[in-house]
Amino acid sequence: MTGAPELKAPKKAVSHSTLGRAQRWSWIFQRVSGVLLIGLIAVHLTVNLVMGDGINQIDFAFVAGKLANPFWQWFDFTMLVLAMIHGANGMRMIINDYAQTPWIAATLHWALRISTVVIVILGTLVLFTFDPCPAGSDPSLLPSFCEDI
Amino acid sequence: MTAPADAPVTTDAIPTMTVTLKILRFDPDGLDGREPGTEYWEEFQIEAHATDRVLDALHMIKWEQDGTLAFRRSCAHGVCGSDAMRINARNRLACKTLLKDLNPAKPIMVEPIKGLPVEKDLIVDMEPFFASYREIMPFLMTSGPTPERERLQSPEDRERYDDTTKCILCAACTTSCPVFWTDGQYFGPQAIVGAHRFIFDSRDEGEWDRLEILNDKAGVWKCRTAFNCTEACPRGIEVTKAISEVKHALNTGEI
Ligand code: HEM
Ligand code: SF4
Ligand code: FES
């Protein structure tokens, strides 16, 4: 053993810094949100395109009717936020892969962040401030509950 | 009765065929009036048996047609890992690839492995690849006094990392990985295979040192489960599975 290099004692257990690495959380998020998105997208497509009259049912009244219901508001909000963060996180990885020049990478990363925030805010505004019965419209185009107002 | 020693050897009975090889060459010196650093495809035709390997074909070219063709090989039997190259767009060992398995009716395309700097023809600079391997500390790490005898291990404990002991460091996996091609920093699959061999060895105590390194920016989380590495490995190592086991250990804290 003489002359062998001095080695520091090996680490014993998982350390705090090991658990907290952002790369790992990003990886886990991609998988968890992916699984949730399968369910959300399946329900979304079934309700809109398969149940009832299928694709023929989609008009202003159908969309307005759904967005007047808090369940669908929160359902769509979850789908919007998860899909946007999932998609943006995926695009972030792709930028890291392909953009080698630092300023190009920084520009793309900021463009991605800004567009993600803008789309999430716009989408949320639409979901929660949507007026299903705009005044002065042809009643035949509006959802049935508008007559009561 | 034994056959007389001077009986004619009848290899003529085995039919030969004409095989075309298209080799991607790189000339760093600029011979024959080329610009230094020229990259070009060159075609060669050889007479070979179906059971000859791509390495035999390269030998025929180098020994009989063009001595300037440069490629690495040592053992010629799939042991040393010197001759990984991109043959018909897949990473393989030239010494383990039979011509008959490659559709010899068409030209066989031979290129250097991708993602490492080419030095000459099929020879690449392996140093970035070995540097990643060194970084995961591929040696036994223990504490306490050195035992008098060998460190014992149950067959079950040995079985856990059996697959990753087979690695011959040929770089076929790492240079088939799309993340390694584009991302200049990723360790690549081989370094994770090399780390797996020690992380899951019950006699080794450096597992968290290695896991910490692989948890880093350029570590296992860069892997996108493309499975190219598993398909490329000439030793049949389930590379993607080994990478997933490392991810699992990092996610659960258990080895
Ligand atoms: C059906 C639901 C979905 C599932 C199960 C799913 C699953 C996944 C998984 C597991 C990854 C990580 C791949 C890896 O790192 O190995 C991923 C990456 C990605 N996802 Fe999704 N996803 C879904 C929907 C979406 C949606 C709706 C978008 C777009 C808004 C999206 C955009 C992306 C992008 C851009 C990546 C990065 C691709 C890459 O790393 O090369 N995904 N997805
Ligand atoms: S894991 Fe397989 S392909 Fe990768 S270096 Fe080792 S032997 Fe070669
Ligand atoms: S020459 Fe040794 S592995 Fe092919």
Check: What is the sum of charges around residue B:142, taking Lys and Arg as +1, Asp and Glu as -1, for the other residues whose C-beta is under 10 Å from the C-beta of residue B:142?
Finding: 0
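Given a 1.4 Å probe, how much area per residue of the stretch B:11-124 is accessible, in Å²?
Working: 5760 Å² over 114 residues.
Value for the stretch B:11-124: 51 Å² per residue.
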Notebook entry, point to check: Can you tell which of B:172, B:242, B:131 shows the greatest fluctuation in a Gaussian network model of chain B with Cα springs below 10 Å?
Noted result: B:131
Margin query: Show me the GluC sites (Glu not before Pro) within the stretch B:113-215 that DSSP assigns to loop and that have at most 16 other Cβ atoms within 10 Å of their Cβ.
Written below: B:148, B:150
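Take every Cα pair under 8 Å in chain A that's 6+ residues apart, average their separations, divide by the length, and report that relative contact order as a whole percent. Intermediate results must be reported in sequence, preceding the final value.
Numbers: 76 pairs, mean separation 42.1, N = 149.
That works out to 28 percent.
Take every Cα pair under 8 Å in chain B that's 6+ residues apart, average their separations, divide by the length, and report that relative contact order as a whole percent.
Working: 421 pairs, mean separation 41.5, N = 255.
It rounds to 16 percent for chain B.
For the pairing of chain B with chain A, what total accessible surface becomes buried, with a 1.4 angstrom probe, in square angstrom to the nearest 100?
Details: alone 13800 and 10940 Å², together 22590 Å².
Separately minus together, B and A give about 2200 Å² buried.
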Check: Can you give the extra length, in nm with one decimal, that the chain gains between residue B:140 and residue B:43 once fully stretched, where that is 0.36 nm per residue apart less the Cα-Cα distance?
Finding: 30.2 nm
Checklist line | Relative contact order computed over the stretch B:147-219 (Cα-Cα under 8 Å; 6+ residues apart), in percent | finding: 33 percent
Item checked: Cα Rg, Dmax (largest Cα-Cα span) when computed across chain B, Å -> 21.9, 70
Notebook entry, point to check: Taking springs between alpha-carbon atoms closer than 10 angstrom, which of A:48, A:56, A:89 fluctuates most in the Gaussian network model of chain A?
Noted result: A:56
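Could you rank B:166, B:241, B:217 by how accessible they are, 1.4 Å probe, largest area first? Numbers along the way, then the final one.
Values: B:166 70, B:241 105, B:217 135 Å².
Order by accessible area, largest first: B:217, B:241, B:166.
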Notebook entry, point to check: Which value does Rg/Rh take for chain A over its C-alpha atoms, Rh per Kirkwood?
Noted result: 1.23
Check: With Cβ to Cβ distances under 9 Å as the rule, what net charge do the other residues near residue B:230 carry (K, R +1; D, E -1)?
Finding: -1
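Ranked by accessible surface with a 1.4 Å probe, highest first, in what order do A:92, B:210 come?
Working: A:92 65, B:210 0 Å².
Result, largest first: A:92, B:210.
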Margin query: Suppose we flag chymotrypsin sites (Phe, Trp or Tyr not before Pro) only when DSSP calls them loop and at most 14 other Cβ atoms lie within 10 Å. Which is the longest uninterrupted stretch of chain B?
Written below: B:1-138
Next item on the list: Could you rank B:16, B:230 by how accessible they are, 1.4 Å probe, largest area first?
Entry: B:16, B:230
Check: Going by Cβ distance under 4.7 Å, what cysteines of chain B have no possible disulfide partner?
Finding: B:95, B:167, B:170, B:177, B:223, B:233
Check: When all protein chains stay in place, what accessible area (Å², nearest 10, 1.4 Å probe) is found for residue B:179?
Finding: 10 Å²
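If I compute solvent accessible area with a 1.4 Å probe over the protein chains, what percent of it on the protein assembly as shown is carbon and sulfur? Write out the running numbers ahead of the final one.
Numbers: 13680 of 22590 Å².
Solvent-exposed carbon and sulfur of the protein assembly as shown make up 61 percent of the total.
The stretch B:11-124: percent of C-alpha pairs farther apart than 16 Å?
Values: 3756 of 6441 pairs.
When every Cα pair of the stretch B:11-124 is considered, 58 percent fall beyond 16 Å.
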Check: Give me the log10 of I(q) over I(0) for the protein assembly as shown at q = 0.09, 0.11, 0.12, 0.14 Å⁻¹, as the Debye formula computes it from C-alpha points; what are the numbers?
Finding: -0.79, -0.98, -1.06, -1.22
Notebook entry, point to check: Using the Kyte-Doolittle scale, which helices in chain A average at least 0.0 and also have C-alpha atoms spread 27 Å or more along the helix axis, with helices defined as whole DSSP H runs?
Noted result: A:22-45, A:70-98, A:102-129
Next item on the list: Kindly identify residues of the stretch B:201-240 having a loss of at least 20 Å² in accessible area between the isolated chain and the assembly of all protein chains, probe radius 1.4 Å.
Entry: B:205, B:208, B:209, B:212, B:215, B:216, B:217, B:221, B:222, B:224
Next item on the list: Considering only B:153, B:65, B:45, give the residue with the highest GNM mean-square fluctuation for chain B, with springs between Cα atoms whenever their separation is below 10 Å.
Entry: B:153
Item checked: Amide H partners (placed H, <5 Å) of residue B:109, local residues excluded -> B:22, B:88
Item checked: Rounded to the nearest 20 debye, dipole of chain A from Cβ charges on Lys, Arg, Asp, Glu -> 1380 debye
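The values are calculated or read from the model by the stated rules, or taken from the named source; none is laboratory data. Only a predicted model underlies this, so the values are computations on that prediction, with no experimental measurement involved. Reconstructed Cβ throughout: ideal geometry from the backbone, glycine too, with neighbour counts over all protein chains shown. Side chains included, ligands, DNA and RNA excluded: accessible areas come from the protein's heavy atoms. Shrake-Rupley method; radii C 1.70, N 1.55, O 1.52, S 1.80 Å.
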